[in-house]
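Report on the following structure.
What follows draws every value from the coordinates through simple rules; no lab data is involved. Just so you know, these numbers come straight off a predicted model, no measurement behind them. Cβ placement follows ideal geometry from the backbone for every residue including glycine, while neighbour counts extend to all protein chains displayed.
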Amino acid sequence: MSRRTDILSIARWWSDYGATKASFDDLRYICDTAVRPDQGRDAGMPTDANILKSLKEDYGIYFGTQKKHWCGMFCCTVLREAGLDVYWTLGVLTKEQIAKTSESDAAMTKAGHMYNSSGRTIKLIWGNAGIQPGDVAIIPAANHHFLITGVDTAAKKYTTLEGNTKGQVIKPNVRSFKPAASDQVIGAYYQIQG
């Protein structure tokens, strides 16, 4: 099977039951699978108490006193389950950093987001031209990441799988190529290589 096929198969497994509230075990697994090893528990990974506190919130996971959105960590987990050499870093990009990165994923990954040590499994692409099922879309204005599970050019819609939606839910979704709200536009994506 190809990388994209593996990613989509794993995404289907996560979404088989429709919208599902993430459990304690889900959030622990997502953090432990996605976050870079050098940012492990001694570097501020969530404690069990942090995760329990997070489950009472609508969004995010507490890493100590900071709350981090886990949508990208979820995408990274799916890619890692499919065998890709990717990790999540815990930094956050500012709008100025996004503006300066151009097409260089090195600047983006150093600031935080998906990190690919080999440079052979993902590539950051600015814009949304060429996005395909298996890629990880980014809405920079909302700092939201999600998996593309389908592209319907006739209907001008994407089908997606998204983590960290309201209520700590993992759910399938449908998004328009041209959403009414400008803060919901896909501005970049991680393209699966090979």
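Here is how the numbers come out for the structure above:
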| read-out | value |
| --- | --- |
| Segments 58-68, 141-151 sorted - mean Cβ within 10 Å per residue, highest first | 141-151, 58-68 |
| Set LYS157/LYS178; LYS21/LYS67; LYS67/LYS123; LYS21/LYS178; LYS68/LYS156 screened for pairs whose C-alpha atoms are more than 20 Å apart | LYS67/LYS123; LYS21/LYS178; LYS68/LYS156 |
| Within the range 143-194: Cβ-based charge dipole about Cα centre, in debye rounded to nearest 20 (Lys, Arg +1; Asp, Glu -1) | 120 |
| Inter-label distance for GLN132 and ARG28, nm, one decimal - labels placed 7 Å from Cα along Cα-to-Cβ | 3.8 |
| Residue-span extension gain [ARG36 to ASN143] - 0.36 nm each, minus C-alpha spacing | 36.6 nm |
